[in-house]
Amino acid sequence: MEGSKLIHIEFMNEQRPIRVVDSFDTFLDEFAVQVGGQLTDERCPFGVLLWPSARIVARWLVKEAPWDRDAPLQIVELGCGVGFLSCALALLFPKASIIACDYEEHLERYVKANAAAWGVGDRVQFQQIDWRQPVPADMKGQADWVLGADVFYDDSHLKHLPPFARELLKPDGLLTLADPKRFRFGTAFDILKGHFTLKRWVEEDCDIEREGIEDFMVNSGVLKLKVSILEFAQRRGSNRAPPEGRATE
Ligand SMILES: C[S@@+](CC[C@H](N)C(=O)[O-])C[C@H]1O[C@@H](n2cnc3c(N)ncnc32)[C@H](O)[C@@H]1O
């Protein structure tokens with residue numbers, strides 16, 4: 001695939017290939033032209049890289065999965081990027097169907113290529129979805145599990161993602177989020193608590209390695225990260241909106 005490269009990630013005791021962008025700087029320059037120079041965190045093509053939170057939560061789920069391995073789960077990943085977490089979930093849960101969502105349609109080719117390489121192309125389907133828009137009618141209340149890795153880096157994410165995730169979930173569904181604890185994390189957590197009940201919160205270490213996004217991060221001097229993994233349940237007996245003002249910027 002032009003403009004891409006393969007990196008290898010260990011998952012479930014095997015080195016597995018993941019296709020990511022070859023040169024983020026070149027890609028960013030081209031993307032900036034496409035969006036008329038209007039690059040903001042709300043519209044930045046970060047998804048062509050594989051971020052540490054995705055690999056850390058995937059590794060954690062191997063030992064701490066909240067569902068039986070043979071459950072026929074309907075899973076939605078929000079902000080899937082190149083689709084690594086969706087592919088990992090498909091391997092971990094062989095009877096699950098996964099909708100890998102992102103608002104950047106150019107990511108579809110990465111998700112498709114990665115799912116095919118992992119042999120899970122029949123159960124990982126890309127869908128272009130923007131969580132600032134209403135939930136598609138056919139997806140409302142259908143998901144057993146919604147996940148997102150590194151999806152709080154703009155104020156618009158804080159406002160829109162929690163209610164979007166809530167609408168996707170079945171009443172007994174779960175939301176799992178992994179976050180590298182950037183400065184919006186505390187606010188995101190407060191807003192999430194207004195929508196969901198916290199079930200688990202763990203901190204996992206991430207040693208930054210020299211591949212993919214990690215090159216980019218090593219060059220910025222970050223060598224170790226803590227990734228927070230949060231698991232939320234639907235708030236029992238209430239599908240109401242959170243108290244006035246909680247979910248606004
Ligand atoms: C930091 S990247 C993380 C990608 C992937 N989860 C990972 O960890 O490697 C955030 C992702 O969220 C997507 N995203 C940002 N805003 C979005 C929105 N409003 N609707 C859907 N996806 C969005 C981006 O396109 C990007 O793929």
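Residues that are touching a Ser or Thr at 6+ places or on another chain (Cβ under 9 Å) and assigned to a strand (DSSP E or B) were ranked within the range 6-45; the one that is nearest to C87 (Cα to Cα) is R19.
Of all residues in the range 140-150 being touching a helix residue (DSSP H, G or I) at 6+ places or on another chain (Cβ under 6 Å) and not small (G, A, S), which is farthest from the ligand (Cβ to nearest atom)? I'd like the intermediate steps shown before the answer.
From the range 140-150, those touching a helix residue (DSSP H, G or I) at 6+ places or on another chain (Cβ under 6 Å) are 140, 143, 146, 149-150; that's our starting set.
Retained after the next criterion (residues that are not small (G, A, S)): 140, 146, 150.
Working: K140: 17, V146: 12, D150: 4 Å.
Only one residue fits best here, namely K140.
Condition test on A100, is it touching a residue at least 12 places away in the same chain (Cβ under 8 Å) and either closer than 17 Å to P45 by Cβ or charged (D, E, K, R) (or both)? Quick ask: steps written out before the conclusion?
Values: touching a residue at least 12 places away in the same chain (Cβ under 8 Å): yes; either closer than 17 Å to P45 by Cβ or charged (D, E, K, R) (or both): yes.
Answer is yes for this residue.
Scanning the range 87-111 for residues that are over 20 Å from E167 (Cα atoms) and either modelled with pLDDT under 95 or not hydrophobic (A, V, I, L, M, F, W, C) (or both) yields a count of 8. Helices (runs of 4 or more DSSP H) fully within the range 49-130 that include at least 1 residues being within 8 Å of the ligand (Cβ to nearest atom): 52-64, 84-92. When residues in the range 205-239 are screened for being modelled with pLDDT under 80 and outside any loop (DSSP other than H, G, I, E, B), 7 of them pass.
The values are calculated or read from the model by the stated rules, or taken from the named source; none is laboratory data. Given the structure is predicted, the values throughout are model-derived calculations rather than measurements. Positions of Cβ are backbone-derived with ideal geometry, glycine not excepted, and every protein chain shown enters the neighbour counts.
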